[in-house]
Amino acid sequence: MARSVTPQRKAINTTFAWAIGLLIFFPILWTIITSFKTEAQAISDPPVFLFFDWTLENYAAVMERSNYGRFLWNSIIIAGGSTLLGVIVAVPAAWSMAFVPSHRTKDILLWMLSTKMLPAVGVLYPMYLIFIKFGLLDTRTGLVIVLMLINLPIIVWMLYTYFKEIPGEILEAARMDGATLKSEIIYILTPMAIPGIASTMLLNFILAWNEAFWTLNLTAAKAAPLTAFIASYSSPEGLFYAKLSAASTMAIAPILILGWFSQKQLVRGLTFGAVK
């Protein structure tokens, strides 16, 4: 029997949830507001919040100085490519672990997750040498491969969780009807796991989009994404907070728009197991 919730309790919970949400979003909001200030207003003490002369001069300066479109396109290719490649690799791996497990499956899953605990700087030097050896330095192909490998444990873990919620009897029925392994994965498993795959792809696209360590160390100019675009506004002359905020806003705007339009699909995918 469901527990009744009083209107007062609902109001308290709603207020608390909005407060937490605003607290988390405030740094992004402050960055956006600062991007419309002058450099003097950006470092004023006490800081000004809304009541100032809003200006677009920082965006004009950023667009004049940098080729924003090239950085944006590099980010889309790198984040999208690494996500698609990761899903292509992870779906068969998660299928085998979910439906044909061995006594080492849990150990393999834990080992894959443990690789995320390794500091990235610990493998930077050998990775840098490998990139030089194979001509992958400052290329989008190299970054796609690196970011796919970095996020692959998360992709496998998430897909494994979703696949475990799918009854194995459905796949067995497909095999009895003559479905091959390829047909089983493509035509039976994948359509049933679309919400989970979509939420996994969205999360890993965001992780790849925000990745800064590898993109800053393995690129120079040709394949530099938006993270390098933001870092270019940290100069020896100092930090120009207003221009840096404008560059940051331009970098996060596409991902905010993507999150806004896909929030319903994300929630549906994350709750797929509970709904079943």
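The values are calculated or read from the model by the stated rules, or taken from the named source; none is laboratory data. On a predicted model such as this, the values are computed, not experimentally measured, just so you know. Glycine also receives a Cβ, built like all others from the backbone with ideal geometry; neighbour counts cover every protein chain displayed. For accessibility, only protein heavy atoms count, side chains too; no ligands or nucleic acids. Shrake-Rupley method; radii C 1.70, N 1.55, O 1.52, S 1.80 Å.
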Please report, as a whole percent, how much of the solvent-accessible surface of the chain comes from carbon and sulfur atoms (probe radius 1.4 Å).
70 percent
Taking 0.36 nm per residue of separation between residue 239 and residue 206 and subtracting their Cα-Cα distance, the length gained on full extension comes to 9.3 nm
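For an R0 of 35 angstrom, estimate the FRET efficiency from the Cβ-Cβ distance between residue 6 and residue 48 and round to the nearest 0.05.
0.30
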Which aspartates and glutamates does residue 222 reach when only Cα atoms under 15 Å apart count, and residues fewer than 8 places away in its own chain are ignored?
138
Please compute P(r) over all alpha-carbon pairs of the chain, binned at 10 Å starting from zero, and give each bin as a whole-number percent.
6, 21, 26, 24, 16, 6, 1, 0
Where does the charge balance sit around residue 224 when Lys and Arg score +1, Asp and Glu -1, over other residues with C-beta under 11 Å from its C-beta?
+2
At a Cα cut-off below 16 Å, give the aspartates and glutamates reachable from residue 164, other chains included and same-chain residues fewer than 8 away excluded.
172, 184
1.4 Å probe accessible area per residue over the stretch 105-192, in Å²:
61 Å²
Among 76, 40, 200, whose Cα projects farthest towards the positive end of the dipole of the chain, with charges put on the beta-carbon of Lys, Arg (+1) and Asp, Glu (-1)?
200
To the nearest 0.05, how large is the calculated FRET efficiency for residue 164 and residue 141 if R₀ is 35 Å and r is the Cβ-Cβ distance?
0.55
Just to confirm the filter: which trypsin sites (Lys or Arg not before Pro) across the stretch 69-117 are DSSP coil and have at most 12 other Cβ within 10 angstrom of their Cβ?
104
Highest GNM mean-square fluctuation, the chain, Cα pairs closer than 10 Å: which of 230, 185, 145?
185
Decide, for the stretch 16-129, between rounded, prolate and oblate: order the square roots of the alpha carbon gyration tensor eigenvalues as a ≥ b ≥ c, take rounded if a/c falls under 1.5, and otherwise choose prolate if a/b is larger than b/c, else oblate.
prolate
Of 258, 149, 137, the most mobile residue in a GNM of the chain (C-alpha springs, cutoff 10 Å) is 258
Can you figure out the FRET efficiency of residue 187 with residue 88, using R₀ = 22 Å and their beta-carbon distance, to the nearest 0.05?
0.85
Amide H neighbours of residue 239 under 5 Å, at least 5 residues apart or on other chains, H built in the peptide plane: list them.
none
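What does the extension gain come out to for residue 104 and residue 121, with contour length at 0.36 nm per residue minus their alpha carbon separation?
3.2 nm
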Any helix of the chain counts here only if DSSP assigns it H throughout, its Cα atoms span 15 Å or more along the axis, and its mean Kyte-Doolittle hydropathy is at least -1.0, and such helices are 7-34, 68-99, 140-164, 194-210, 241-270
Could you work out, for the stretch 65-169, what percent of all Cα-Cα pairs fall into each 5 Å distance bin, beginning at 0 Å and stopping at the bin that holds the largest distance?
2, 11, 17, 18, 18, 14, 10, 6, 3, 1, 0, 0
